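Chemist: Here you go, one structure.
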Amino acid sequence: MKTFRLLIKREFFQIFKFNKILHGERKERKKYISVLCTMIVAFLIFAVYWFRNIYQLCLEFQSQQELLIYLIRPLVILSVFSVFLSTFMKGSGVLYSDKSIDILFSYPIKVRNIVFAKLFFLYLWGLAITFALLIIPLIRYELMSYDILFSILDLVQILFLPVIPVLLGVILGYVLYRKLGNFFQSGSYIRSILYLSLFIGVMAFMFFVFNNIDFDFLKALIEKEMSWNNNYGIFFSYESEAIILAFVMFLVGGLLVAYISKTYKSKCFRLQVFSKRKNAKKQLLKKSTKSRTLLKREMRRYFSTPIYVLNTMLGIVLLLLFTAYSFLKSDSVLNYVKIIGNLFGIENISVIFVFIVSLLIILSNTTYASISIEGKHRDILKSLPVSLKELLLAKYQLHLLLTVPIICITSLVLGSIYQMNNIELALCLFLPITVSAFVGILGLFLNLLLPNYEWENVTYIVKQSIPAISTVFLSILIVGGSLWCLIRFFNHSILIASYILGVLYLIFTIIVSLFLKRIETNF
């Protein structure tokens, strides 16, 4: 048990960089402490806002049945999907991309203890997401029944809820990165396209399955449940089905843990060999300008690293799925948007679509790892007649090249579907593009501020590095917070305020780009 606690402590310190905060150099400690404090403050602000609003929403439901059907069940689906997606994107990196795993294997520690410690840490992460989404509705749900036995049963269900998504996310994340990548190792572009296609397929399948359940099966199920007094479904139902489900989840989870533990050591070694393998390619030499050559170099590196593509395409994939769904189910989307508009008092519905495009596009950012990915090649770049400004510009151009065309296509399609006028359509193009420009330069700044050139596996800098986490977190906080301020304080003149916000993003982009010169010594 003591060994298990030490391994958990090691995972915690390694993920949150406490070792560098406690034992690093003075300059390094200041950087990490400032980043950690910023993230804690932002997290507390978001937590207070979320819990206060979800509590007010719970008070709107007067019966257990309504609370379960219309709030808890959607949040259960959201929590399961969020836990699976987070472990799918990051969990395999935490489990298999430990740089010091060879040292752990040399110690007299059983492999299953190492696996249990890492999986337990991922389970705690999934449990935190589940509790954050469900704890307030479930407390309200339990207070309506006043039954201790049922409360214990619900607690058991919420403890088992993230188990299967965590384990499946870890296994599928490794399979997509290692197995399929090894099968198509002769063509890295094919491998990247395959990853992206599979990811889009999974997202589309889940999206349209949930859509069909929502409009067909779920309506019939709700009507059926309305006629029964005690049948509240499988999750949190107080019936034998809930106990059977918990037992099945426990059994399946045990089998998955046993499989991961049995194959863990071999998979770690295979991943190390796979990450170091390089394919020699014949290339034709052609005359080209320096900027075009650097941009081609960035594109080649980006699309030849499947894990890089997979982790930076989430926003683009979601935006394309939303546009496709809007094309197929425009009336349904419009009804949902009108509900949101009435909830926040937004008179111009088209602005909501602008905000949706802006929020989704920030999830696709290639710059947060584009500097660290240079690794040991950094010294070679310094010896070439290439300035840091030209190199950073090529990395920034790649980000804009991936996001701006998608923004233009989706905005024009959405504008045509929902009949936006010229001012609204121009805003749907202008604001998301300025948001993309801002988050791109923000990721570049954070990566240059906190680079990591000593990585042994590219999965680490793409999934677990502080610039990766900080860029996504700060982007959501800044962009989401500014859009919330527009809704809260400039509701009556939201179009003009949105244009002003876009101009502010451009100004912030210029300011951050000027600060890049002050930290160019980090390269």
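The values are calculated or read from the model by the stated rules, or taken from the named source; none is laboratory data. No experiment lies behind these values; they were computed from the predicted model shown. Backbone-built Cβ (ideal geometry, glycine too); neighbour counts: all protein chains shown. Keep in mind that these areas ignore ligands, DNA and RNA; they rest on the heavy atoms of the full protein, side chains included. Shrake-Rupley method; radii C 1.70, N 1.55, O 1.52, S 1.80 Å.
Chemist: Is there any pair linking a residue in the stretch 447-474 that is of a type in the set (D, E, K, R) to one that is assigned to a loop (DSSP other than H, G, I, E, B), with Cβ under 6 Å and at least six apart or on different chains, and which?
Modeler: Listed pairs, sorted by first residue: Glu456/Lys99.
Chemist: So which of Ser79, Ser86, Ser34 ends up being without any contact (Cβ under 8 Å) to a residue 60 or more places away in the chain, closer than 24 Å to Ile469 by Cα and of a type in the set (Ser, Thr, Tyr)?
Modeler: Only one candidate passes the filter, namely Ser34.
Chemist: Has the stretch 354-376 got any residue that is in a loop (DSSP other than H, G, I, E, B), small (Gly, Ala, Ser), over 25 Å from Leu400 (Cα atoms) and touching a residue at least 12 places away in the same chain (Cβ under 8 Å)?
Modeler: no
Chemist: Can you pull out every residue in the stretch 467-506 that is within 20 Å of the chain's Cα centre (by Cα) and modelled with pLDDT under 80?
Modeler: Hits for the stretch 467-506: nothing passes.
Chemist: Continuing with this model, one more query. Within the stretch 478-485, identify whether any single residue is part of a helix (DSSP H, G or I), of a type in the set (Gly, Ala, Ser) and either under 28 Å from Gly93 (Cβ atoms) or in contact with a Lys or Arg (Cβ under 8 Å, 6 or more places away or on another chain) (or both), and answer yes or no.
Modeler: yes
Yes/no per residue for (1) under 28 Å from the mean Cα position of the chain (by Cα); (2) assigned to a helix (DSSP H, G or I); (3) at pLDDT below 80; (4) exposed (fewer than 14 other Cβ atoms within 10 Å of the Cβ):
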site: Tyr238; (1), (2), (3), (4): no, no, yes, no
site: Ile243; (1), (2), (3), (4): no, yes, yes, no
site: Phe247; (1), (2), (3), (4): no, yes, yes, yes
site: Lys262; (1), (2), (3), (4): no, yes, no, yes
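Chemist: If I ask for residues that are open to solvent by 50 Å² or more (accessible area, probe 1.4 Å), within 28 Å of the chain's Cα centre (by Cα) and within 19 Å of Tyr499 (Cβ to Cβ), which ones from the stretch 408-425 would you list?
Modeler: Scanning the stretch 408-425 gives a single hit, Leu412.
Chemist: A further question follows. Is there a residue being modelled with pLDDT of 85 or more, crowded, with 17+ Cβ neighbours inside 10 Å, of a type in the set (Ser, Thr, Tyr) and within 30 Å of Val48 (Cβ to Cβ) anywhere in the stretch 123-139?
Modeler: yes
Chemist: Just to be sure I understand the filter: pairs with C-beta atoms under 8 Å, separated by 6 or more residues or on different chains, first member in the stretch 478-490 and closer than 12 Å to Gly345 by Cα, second member in a loop (DSSP other than H, G, I, E, B). Which pairs pass?
Modeler: Ile487/Gly345; Ile487/Ile346
Chemist: Output the residue which, of all residues in the stretch 439-464 that are among the charged types (D, E, K, R) and open to solvent by 20 Å² or more (accessible area, probe 1.4 Å), is nearest to Glu28 (Cα to Cα).
Modeler: Glu454
Chemist: Any idea how many residues of the stretch 54-76 are acidic (Asp, Glu) and either open to solvent by less than 50 Å² (accessible area, probe 1.4 Å) or in a helix (DSSP H, G or I) (or both)?
Modeler: Going through the stretch 54-76 one residue at a time, the tally reaches 1.
Chemist: Please list, ordered by first then second residue, the pairs with beta carbon atoms under 6 Å, 6 or more apart or interchain, first in the stretch 397-423 and farther than 23 Å from Ser370 by Cβ, second open to solvent by 30 Å² or more (accessible area, probe 1.4 Å).
Modeler: So the pair list comes out as Ser411/Leu429; Gly415/Leu425; Ile417/Ser330.
Chemist: Separate question: Can you tell me which residue is modelled with the lowest pLDDT among those in the stretch 330-356 that are touching a helix residue (DSSP H, G or I) at 6+ places or on another chain (Cβ under 7 Å) and not aliphatic (A, V, I, L, M)?
Modeler: Phe344
Chemist: Filtering the stretch 318-339 down to residues that are aromatic (Phe, Trp, Tyr) and more than 10 Å from Ile417 (Cα to Cα), which residue is most open to solvent (accessible area, probe 1.4 Å)?
Modeler: Taking the candidates together, the pick is Tyr336.
Chemist: Evaluate the stretch 381-398: report whether one residue or more is assigned to a helix (DSSP H, G or I) and under 19 Å from the mean Cα position of the chain (by Cα).
Modeler: no
Chemist: Any residue in the stretch 505-519 that is over 16 Å from Gly443 (Cβ atoms) sitting within a Cβ distance under 9 Å of a residue that is crowded, with 17+ Cβ neighbours inside 10 Å and small (Gly, Ala, Ser)? List the pairs, counting only those 6 or more apart or interchain.
Modeler: Leu506/Ala437
Chemist: Also: Checking Leu320 against (1) in contact with an Asp or Glu (Cβ under 9 Å, 6 or more places away or on another chain); (2) at pLDDT 75 or above, which single condition isn't satisfied?
Modeler: (1)
Chemist: Can you give me the ranges of the helices (runs of 4 or more DSSP H) entirely in the stretch 100-163 with at least 3 residues that are in contact (Cβ under 8 Å) with a residue 60 or more places away in the chain and touching a helix residue (DSSP H, G or I) at 6+ places or on another chain (Cβ under 9 Å)?
Modeler: The qualifying helices (runs of 4 or more DSSP H) are 111-143, 148-160.
Chemist: Within the stretch 77-97, identify whether any single residue is open to solvent by 80 Å² or more (accessible area, probe 1.4 Å) and aliphatic (A, V, I, L, M), and answer yes or no.
Modeler: Taking every residue of the stretch 77-97 in turn, at least one turns out to be open to solvent by 80 Å² or more (accessible area, probe 1.4 Å) and aliphatic (A, V, I, L, M).
Chemist: Let me ask another. Give the residues of the stretch 303-317 that are polar (S, T, N, Q), part of a helix (DSSP H, G or I) and open to solvent by 10 Å² or more (accessible area, probe 1.4 Å), sorted by residue number.
Modeler: Matches in the stretch 303-317: Asn311 only.
Chemist: Looking at the structure I just gave you, is Leu388 open to solvent by 30 Å² or more (accessible area, probe 1.4 Å) and touching an Asp or Glu at 6+ places or on another chain (Cβ under 7 Å)?
Modeler: yes
Chemist: Spot the failing condition for Phe508; the list is (1) of a type outside the set (S, T, N, Q); (2) touching a Ser or Thr at 6+ places or on another chain (Cβ under 6 Å); (3) open to solvent by 30 Å² or more (accessible area, probe 1.4 Å), and only one is missed.
Modeler: Going through (1) of a type outside the set (S, T, N, Q); (2) touching a Ser or Thr at 6+ places or on another chain (Cβ under 6 Å); (3) open to solvent by 30 Å² or more (accessible area, probe 1.4 Å) one by one, Phe508 breaks only (2).
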